[in-house]
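K.L.:
Take a look at the following structure, please.
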Amino acid sequence: MAFSGMPWNRKDLISIESLNVEEIETIFETAEAFKKILNRKTAKTPALRGKTVVNLFFEPSTRTRVAFEMAANRLSADILSLDMKTSSTTKGETLRDTVDTITALQADIIVIRHSAPGSAGYIAGVVDLPVLNAGDGAHEHPTQALLDCFTLREKWGSLKDRKIAILGDILYSRVARSNIWAMTKLGAEVTLVGPSTLVPHEFEQMGVKVSHDLKSALEDKEAVMLLRIQHERQNASAFPSLNEYTSMFGLNKTRLSWLKKDAIIMHPGPINRGVEIDSELADSDQSVILEQVTNGLAIRMAALYLCSGGKAEAVASD
Ligand code: CP
């Protein structure tokens with residue numbers, strides 16, 4: 001496969017905001033090549049043999065943590081996932097001291113999830129190692145947006161001029177922010193929809209439409225991404241109750257029919273079944289939720305490989 005992207009010159013992956021379209025395309029092409037390797041009988045490459053990846057997850061995670069672990073494994077790297085509940089951070093050690101300790105133990109790559117916006121960028125600025133942001137507060141979750149857009153690119157070829165709705169808790173969502181950057185950079189037309197308390201008009205400054213009317217927002221859309229309500233990041237309730245949220249904004253069969261025929265249903269997970277989406281729709285043929293998870297493996301392999309100095313063209317021609 002010929003590589004048509006541009007060389008990757010970053011040691012870190014902190015945000016989608018900082019990437020240009022060519023860099024996003026380079027990650028996609030590298031992920032495509034790794035996906036082919038994953039489909040082989042021996043789904044492994046020696047690309048990162050001898051390297052050690054350390055997962056520092058200060059917030060809960062299933063998909064992202066396990067996908068980074070599996071990605072490191074498929075690249076033949078060693079992987080260490082620290083249990084932050086039993087680490088010395090519980091004794092008052094600072095994030096900087098934890099990271100300096102990991103560095104002194106000769107880690108090669110750090111993957112970090114933290115509740116503080118900007119924490120991944122801060123760490124990337126103080127260590128020489130590659131740092132990959134696995135979610136920093138409500139700021140960004142770059143590999144999630146990359147795998148989401150990669151999934152749509154597989155379906156459509158390109159996101160250019162495609163109409164996508166993101167429905168739910170936008171205000172507190174790092175997934176929404178990263179996807180807004182990624183989808184708009186790739187030429188999609190994005191509409192944010194949900195209660196006004198969770199979807200403020202300020203987001204229009206990011207080049208998207210904002211709507212509080214579900215029917216008109218969904219009418220011409222070819223894909224809808226559901227987001228869960230981020231209880232852990234809300235100080236006060238933005239709506240009276242979850243039941244009322246579901247009755248006004250939950251995706252059900254009737255509301256699905258407002259979208260374009262065969263529209264794609266997406267969700268980054270974890271899903272709150274029966275809250276933002278009816279269970280049968282989450283499991284329907286229109287849902288790509290598990291394809292998103294699977295694509296997360298190739299995307300994280302690409303991110304680990306490129307940030308470690310790997311050359312996209314070397315995998316693309318493999
Ligand atoms: N989408 C996502 O970040 O899921 P996890 O919290 O399970 O990693």
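The values are calculated or read from the model by the stated rules, or taken from the named source; none is laboratory data. Here the structure is a predicted model, which means the values were calculated and not measured. Methodologically, a virtual Cβ is constructed for each residue, glycine included, from the backbone with ideal geometry; neighbour enumeration extends over all protein chains shown. Note: accessible area is taken over every heavy atom of the protein model, side chains too, but ligands, DNA and RNA are not part of it. Shrake-Rupley method; radii C 1.70, N 1.55, O 1.52, S 1.80 Å.
K.L.:
I want to confirm something. Restricting to the range 1-56 and keeping residues that are within 17 Å of the chain's Cα centre (by Cα) and of a type in the set (G, A, S), which single residue is nearest to K85 (Cα to Cα)?
P.N.:
Checked the range 1-56; the qualifying residue nearest to K85 (Cα to Cα) is S15.
K.L.:
Also, quick follow-up: When the range 120-151 is examined, which residues are found to be assigned to a helix (DSSP H, G or I) and within 13 Å of the chain's Cα centre (by Cα)?
P.N.:
Restricting attention to the range 120-151, the residues satisfying the condition of being assigned to a helix (DSSP H, G or I) are 120-126, 142-151.
The answer is P142, T143, Q144, A145, L146, L147, D148, C149, F150, T151.
K.L.:
Please state which one of S257, S241, S284 is within 30 Å of A31 (Cα to Cα), more than 16 Å from the ligand (Cβ to nearest atom) and small (G, A, S).
P.N.:
Numbers: S257 fails: within 30 Å of A31 (Cα to Cα); S241 fails: within 30 Å of A31 (Cα to Cα).
Of S257, S241, S284, the one residue that is within 30 Å of A31 (Cα to Cα), more than 16 Å from the ligand (Cβ to nearest atom) and small (G, A, S) is S284.
K.L.:
Here are I271, I289, I264: which of them is closer than 24 Å to F150 by Cβ and away from the ligand (no atom under 16 Å from the Cβ)? Steps first, answer last, please.
P.N.:
Details: I271 fails: away from the ligand (no atom under 16 Å from the Cβ); I289 fails: away from the ligand (no atom under 16 Å from the Cβ).
Within the list I271, I289, I264, the selection yields I264.
K.L.:
Same structure again: Restricted to the range 135-165, and to residues that are more than 18 Å from I24 (Cβ to Cβ) and either of a type in the set (K, R) or open to solvent by less than 10 Å² (accessible area, probe 1.4 Å) (or both), which residue is farthest from the ligand (Cβ to nearest atom)?
P.N.:
By that ranking, first place goes to K163.
K.L.:
Something else: Please specify each residue of the range 166-175 satisfying the condition of being within 12 Å of the ligand (Cβ to nearest atom) and either open to solvent by 10 Å² or more (accessible area, probe 1.4 Å) or in a helix (DSSP H, G or I) (or both).
P.N.:
Taking the range 166-175 first, the residues within 12 Å of the ligand (Cβ to nearest atom) are 173-175.
Within the range 166-175, R174, V175 qualify.
K.L.:
Six or more apart or on different chains, Cβ under 6 Å: which pairs go from a residue in the range 46-65 that's farther than 11 Å from I79 by Cα to one that's in a loop (DSSP other than H, G, I, E, B) and within 16 Å of the ligand (Cβ to nearest atom)? Could you list them?
P.N.:
E59/S115; R63/G269
K.L.:
Here is a follow-up. Looking at the range 99-119, which of its residues are among the charged types (D, E, K, R) and in a loop (DSSP other than H, G, I, E, B)? Walk me through it before giving the result.
P.N.:
At the first step, the residues of the range 99-119 found to be among the charged types (D, E, K, R) are 100, 108, 113.
Within the range 99-119, just D108 meets the criteria.
K.L.:
Here are some residues: L192, L259, L198. Which one is assigned to a strand (DSSP E or B), buried (at least 20 other Cβ atoms within 10 Å of the Cβ) and not acidic (D, E)? Outline the logic, then answer.
P.N.:
On the way: L259 fails: assigned to a strand (DSSP E or B); L198 fails: assigned to a strand (DSSP E or B).
That would be L192, the only listed residue that is assigned to a strand (DSSP E or B), buried (at least 20 other Cβ atoms within 10 Å of the Cβ) and not acidic (D, E).
K.L.:
Right, next: Looking at R65, R49, can you tell me which residue is open to solvent by 50 Å² or more (accessible area, probe 1.4 Å), closer than 19 Å to K311 by Cα and either at pLDDT 95 or above or within 14 Å of the ligand (Cβ to nearest atom) (or both)? Step through it out loud before you land on a result.
P.N.:
Working: R65 fails: closer than 19 Å to K311 by Cα.
Answer to the check: R49.
K.L.:
Let me ask something else about it. Would you mind finding the one in D262, D285, D278 that is of a type in the set (D, E, K, R) and on the phi > 0 side of the Ramachandran plot? Break it down into steps so the answer makes sense when it comes.
P.N.:
Details: D285 fails: on the phi > 0 side of the Ramachandran plot; D278 fails: on the phi > 0 side of the Ramachandran plot.
Step by step, each of D262, D285, D278 is checked, and only D262 is of a type in the set (D, E, K, R) and on the phi > 0 side of the Ramachandran plot.
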